[in-house]
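Report on the structure given below.
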Amino acid sequence: MIEVGEDGRTWLLSGPTSGYALRLTDRDELLHLHWGPRITLADAEALAAQPLPAERSFESRLDGHEEYPVEGGRRFVRPALSVRGAGVRGSEWRFAEAATEREELRLHFTDAVHRLSITLVYRTRGDVIERFAVLRHDGPADAPALELLRADSATWTLPARDQWRLSQLHGRWAAESRLVRADLTYGEQVIGSRRGHTGHQHLPWVALDAEGATEEHGEVYGCALAWSGSWRICVGRLPDGTVQITGGQGHDDSGQELLAPGAQVVTPVFAGLWSDGGFGGASRAWHAYQRAHVIPDAAEPRPVLYNSWEATRFDISEEQQRTLAGKAAALGVELFVVDDGWFGRRVSDRAGLGDWTPAPDRFPGGLKPLADEVHALGMRFGIWVEPEMVNPDSDLYRAHPDWVQHQPGRERTEFRNQLVLNLAREDVREHLWEQLDALLSSAPIDYVKWDFNRCFSDAGWPGEPYPQRIWNAHVHALYGLLDRLRAAHPAVAFESCSGGGGRVDLGILSRTDQVWTSDNTDPLDRLAVQHGFGQLHPARVMAAWVTDSPNTQLNGRVSTLRFRFVSALAGVLGIGGDLTRWSAEELAEAADWVTLYKEIRPVVQLGDLHRLRPPSEPLSAIQYVHGDETVVLAWLRAQSYGEEPPRLRLKGLDPTAAYVCQDTGKTHRGAVLLHHGLRTGLRGDLDAAVFRFRRV
Ligand code: DGJ
């Protein structure tokens, strides 16, 4: 709901529990008034009546109070907008008009010198507010282009508190989305990616709490960016203690755009959430928002998949895939995915990327015979692609060596023996569309795992004048390709992968159905990765595979099938082990776990997540609640002194109701589970259990 003050210059946006207010002064300064619990319009007007601090030498009265600080004028904070025109830098705007439509507020401003129109957009989505900006060059056709040096999506301002704490998700390859919290000090803390993709190093998300929020209690503010290229989020604590968070696409000068007359730039969404339900409440609100507004067909649970990568690497053949498919089908797998190695001369990572036709020696009849067999076995059929890349040893590169990003006269730097295609070029985009469209039409393909296995390092476009639209254009081209493929092949589902979780963000999630969380398939490490991932994203998109023991991908850790399954049951279950080497007993046990997963799947994928104990504890556990059903997943890392692990106090239950445990047949009182807890019976090292309850 959006309310407007009597003079048309105060706005109040309300979610179910939250409120956000802003005010335009008579000097057209757009001031932030409130972000927090719901307030009334009268409260917002009262806040608007409070004067800004008096101006002093060396201090700006605006700093820390503006909704979208631009470069120029009496401001010294990091600007959200920095523009350069012919001989003039910075912006000075006048208010033009406001438009409100249901859940959306648009505020239009113009900068007469640059002939730049600036529209700030606010959209309420439950307690999440989506914000972005639209910048348009309104000058005549012969006017010089404007240089957008920086155009953030939004600046978020927090209320005055004595001390703030910053939570972020940091990592690297095979160790993504690990949660860290630290007090915020004065100055700026900047996270982001200079890599052309979202990156393994940080998820584009921050959370801030001021008064020691816990998992279940306290105020938490969160901001998340919907962008899959380079990005930057800057959390600044100003000299007076005010905290502002500004974020958007691009790092350093990589987001720079040249705006010709008539052209416009629409920034990605930078979403913000306030919750007073602690970190758990904030996560549940983020999850509900993504299921309702971001993820395609989120009410549809995802199937159990099998992926052959860890079992076969590049050594694949149709015969071997048929054998694996037969074994997977017998376990109850619903989607069989052929990973890397099915195309071109792809027998290692040295060749083949770019040549998206089945390798004649390995798939003599193309993919269709295998796809048909997989379908006959009752499963859907999926394949792996990495369309944005090319190996120098490929037919595509030999035909079009100029199609890759590179700087003239410089070395073409390779990672994993591959180069990045310049998707800013229309001929490259068209070629990819034709290749992928033909591929999806060539066989009954239901699923595409879309990978991206190196960062940008030579992001240049020989012959193009500066600033080259290469960084942002790549992401728009990727989004455009995905949108076009989804429209042309609506039954095909897409997985976002970038060497694991290198491209996970709200932008890619609005056009893919799930993501590959991490190449780390060690079931113990995974608990921490999943703990971080779940701070922002729901289980509905979090792919998790059961692989072999000892773990072949990373660390050789030995674990039981039980521990590996219970770890993977927390997300979208997949199996990625070499099934030809699993014993009859292991296959039978795996089939039982798959059956169990299918029973709990709606609760896991669509339910509310409660983190009962974090993976930093010897005993960790999560709980999903969906209607009358609840599922508890518990993991014991190591038992000490033969002591019984702590009881798990469940959440989200009705204290007056009774719950029957489907595993033991025992009935439990809701109040007892909530206040005294559940005994897990876990013991030893790497033990795990699932408890299913139904309200009686
Ligand atoms: C990286 C992915 O994360 C893996 O799952 C696998 O698909 C390989 N790429 C294949 O090259």
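Here are some notes:
- Ranking A638, L478, L258 by Cα position along the charge dipole of the chain, where only Lys, Arg, Asp and Glu carry charges on their C-beta atoms, puts A638 farthest toward the positive end.
- On a per residue basis, region 2-293 carries 39 Å² of accessible surface, using protein heavy atoms and a 1.4 Å probe.
- Neighbourhood charge, 13 Å Cβ-Cβ cut-off, centred on R425 and excluding it, Lys, Arg +1 and Asp, Glu -1: -4
- Charge dipole of the chain about the Cα centre (unit charges at C-beta), most positive-ward option of W205, A438, L509: W205
- Net +/- balance of residues flanking P444 in space, Cβ distance below 12 Å, scoring K and R +1, D and E -1: -1
- For region 431-445, the Karplus equation 6.51 cos²θ - 1.76 cosθ + 1.60, evaluated at θ = phi - 60°, returns couplings of 4, 5, 4, 4, 4, 6, 4, 5, 4, 5, 8, 7, 7, x, 9 Hz by residue, with Gly and Pro reported as x.
- Rounded accessible area per residue of region 327-458, 1.4 Å, Å²: 37 Å²
- Amide H contacts under 5 Å for D393, placed H, 5+ residues apart: G352
- Mean shadow area of the chain over all directions, Cα convex hull, nm²: 32.3 nm²
- Taking all pairs of distinct alpha-carbon atoms in region 501-574, Kirkwood radius in angstrom: 12.5 Å
- For region 259-274, putting each phi into the Karplus relation 6.51 cos²θ - 1.76 cosθ + 1.60 with θ = phi - 60° gives couplings of 9, 7, x, x, 8, 9, 10, 10, 6, x, 6, 10, 8, x, 9, 10 Hz, in residue order, rounded to whole numbers and with x for Gly and Pro.
- Span from the region 429-474 Cα centroid across to the region 659-688 one, whole angstrom: 50 Å
- Among W35, A224, V4 the positive-end extreme of the charge dipole of region 2-293 (Cβ point charges): A224
- Straight-distance candidates among the lysines for linking to K666, with alpha-carbon spacing under 28 Å and chain neighbours fewer than 8 residues away dropped: K598, K651.
- For region 613-695, fraction of C-alpha pairs farther apart than 22 Å, in %: 22 percent
- Accessible area of the chain belonging to carbon and sulfur atoms, whole % at 1.4 Å probe: 49 percent
- Long-range amide H partners of F314 with built H, under 5 Å: none
- Ellipticity at 222 nm from helices only: DSSP H runs of n ≥ 4 in the chain, each -39500 (n - 2.57), divided by the residue count, give -6000 deg cm²/dmol.
- Placing +1 on the Cβ of every Lys and Arg and -1 on the Cβ of every Asp and Glu, with nothing else charged, gives region 263-330 a dipole about its Cα centre of roughly 140 debye.
- Cβ charges +1 (Lys, Arg) and -1 (Asp, Glu), total dipole of region 308-404, debye: 220 debye
- With K and R counted +1 and D and E -1, the other residues having a Cβ less than 9 Å from that of R695 yield a net charge of -2.
- Couplings 3J(HN,Hα) for region 141-156, derived from phi with the Karplus relation 6.51 cos²θ - 1.76 cosθ + 1.60 (θ = phi - 60°), are 4, 8, 6, x, 5, 9, 9, 8, 6, 7, 9, 6, 7, 6, 10, 9 Hz, where x marks Gly and Pro.
- Computed over the alpha-carbon atoms, region 2-293 gives an Rg to Rh ratio of 0.95, Rh here being the Kirkwood radius from the mean inverse distance.
- Under 5 Å from the amide H of V572 lie the amide H atoms of M542, A543, A544, each residue being 5 or more positions distant or on a separate chain, with H modelled from the backbone and absent for Pro and chain starts.
- Of all lysines in the structure, the ones whose alpha carbon falls short of 19 Å from that of K368, not counting any fewer than 8 places away in one chain, are K449.
The values are calculated or read from the model by the stated rules, or taken from the named source; none is laboratory data. Given the structure is predicted, the values throughout are model-derived calculations rather than measurements. Glycine also receives a Cβ, built like all others from the backbone with ideal geometry; neighbour counts cover every protein chain displayed. Accessible surface areas use protein heavy atoms only, side chains included; no ligands, DNA or RNA. Shrake-Rupley method; radii C 1.70, N 1.55, O 1.52, S 1.80 Å.
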